[in-house]
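The values are calculated or read from the model by the stated rules, or taken from the named source; none is laboratory data. Keep in mind that what you see is a predicted model, and the values were worked out from it rather than measured. Don't worry about glycine lacking a Cβ; one is built from the backbone with ideal geometry, like all the others, and counts go over all protein chains shown.
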């Protein structure tokens with residue numbers, strides 16, 4: 001790991017200022033993705049701006065038609081929250097099965113979304129639930145936020161401050177875990193919302209998280225496990241690696257969607 005300047009601002013404004021003054025700075029949240037990258041020298045920023053001391057980025061509250069979660073709230077805090085468990089139990093369950101205990105106690109929802117790892121769990125929940133990502137500059141709808149592998153709509157100097165999730169009628173998340181990394185080989189989040197059924201898939205897409213329109217169409221006709229399992233997903237846009245072929249992932253998507261529908265509440 002190379003040398004860098006370290007900043008610990010107490011406000012979002014100070015964090016943005018520190019980043020703007022750096023030659024090649026990066027924000028750091030929980031550090032579960034960035035620190036391994038630094039150790040491997042795949043990134044060599046001149047400055048790291050730690051968001052961990054900014055109180056306004058933390059916390060969970062009921063708001064309007066759903067819940068709002070601060071960007072620096074850890075996965076463990078989301079999983080243990082009575083507010084989340086009461087409003088969107090599927091989201092609490094998802095958070096409770098991210099990585100291992102260390103990752104859940106250090107990793108944050110904002111860091112996960114800003115990094116947009118193609119096999120991360122949170123992006124599927126955000127996309128399926130039609131959440132809104134709030135930043136220091138604007139609000140971004142989930143459908144407009146994810147732009148590809150490790151790429152989002154965030155601009156330079158833009159910080160995620162919170163995520164607002166509308167409460168669904170029913171929802172559940174199921175994932176087929178890669179046992180070594182605990183990432184999703186395929187993860188499927190199904191949500192029955194006021195606007196219709198939304199199904200988001202992580203771990204399988206060549207460009208990262210995406211909506212499974214074939215499964216959405218099937219569940220729009222009948223919200224049943226049988227309907228989900230009968231859907232046919234094209235393998236053309238899915239990735240293939242040593243853990244599974246594109247066809248294998250295409251097969252897993254409706255299977256996991258069916259399990260999610262059966263578990264949805």
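Residues in segment 189-210 that are assigned to a loop (DSSP other than H, G, I, E, B) and over 20 Å from the mean Cα position of the chain (by Cα): 194, 195.
Of the residues 209, 233, 197, 215, the single one that is surrounded by 17 or more Cβ atoms within 10 Å (Cβ to Cβ), touching a residue at least 60 places away in the same chain (Cβ under 8 Å) and outside the structural domain of residue 113 (by TED's automatic domain parsing) is 209. When residue 132 is tested against (1) surrounded by fewer than 22 Cβ atoms within 10 Å (Cβ to Cβ); (2) closer than 16 Å to residue 201 by Cβ; (3) touching a strand residue (DSSP E or B) at 6+ places or on another chain (Cβ under 6 Å), just one condition goes unmet, and that condition is (2). Say we look at segment 231-249 and pick out the residues that are part of a helix (DSSP H, G or I) and over 18 Å from residue 177 (Cβ atoms); which of these is nearest to the chain's Cα centre (by Cα)? Looking at residues that are part of a helix (DSSP H, G or I) and over 18 Å from residue 177 (Cβ atoms), I get 246.
Counting only residues that are surrounded by fewer than 17 Cβ atoms within 10 Å (Cβ to Cβ) and touching a helix residue (DSSP H, G or I) at 6+ places or on another chain (Cβ under 7 Å), which one in segment 218-230 is modelled with the lowest pLDDT? Among them, the one singled out is 221.
When you scan segment 251-263, do you find a residue that is under 24 Å from residue 166 (Cβ atoms), touching a helix residue (DSSP H, G or I) at 6+ places or on another chain (Cβ under 9 Å), outside any helix (DSSP H, G or I) and in contact (Cβ under 8 Å) with a residue 40 or more places away in the chain, even just one? No.
Every condition in (1) within 27 Å of residue 212 (Cβ to Cβ); (2) touching a strand residue (DSSP E or B) at 6+ places or on another chain (Cβ under 6 Å); (3) in a strand (DSSP E or B) is met by residue 125 except one, and the failing one is (3).
Among (1) assigned by TED's automatic domain parsing to the domain that holds residue 114; (2) in a strand (DSSP E or B); (3) within 19 Å of residue 114 (Cα to Cα), which single condition is residue 62 missing? The failed condition is (3).
Tallying residues that are assigned to a loop (DSSP other than H, G, I, E, B) and in contact with a strand residue (DSSP E or B) (Cβ under 9 Å, 6 or more places away or on another chain) within segment 211-230 yields 2.
Yes/no matrix, rows are residues, columns are (1) modelled with pLDDT of 95 or more; (2) farther than 24 Å from residue 9 by Cβ; (3) in a strand (DSSP E or B):
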position	(1), (2), (3)
133	yes, no, yes
162	yes, no, yes
168	yes, yes, no
173	yes, yes, yes
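Residue-by-condition table, conditions (1) assigned to a loop (DSSP other than H, G, I, E, B); (2) closer than 19 Å to residue 191 by Cβ; (3) at pLDDT 95 or above; (4) not assigned by TED's automatic domain parsing to the domain that holds residue 132:
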| residue | (1), (2), (3), (4) |
| --- | --- |
| 72 | yes, no, yes, no |
| 77 | no, no, yes, no |
| 85 | no, yes, yes, no |
| 94 | no, yes, yes, no |
| 98 | yes, yes, yes, no |
| 110 | no, no, yes, no |
| 117 | yes, no, yes, no |
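Only one of the listed residues (189, 183) is touching a strand residue (DSSP E or B) at 6+ places or on another chain (Cβ under 8 Å), modelled with pLDDT under 95 and closer than 28 Å to residue 265 by Cβ. That residue is 183.
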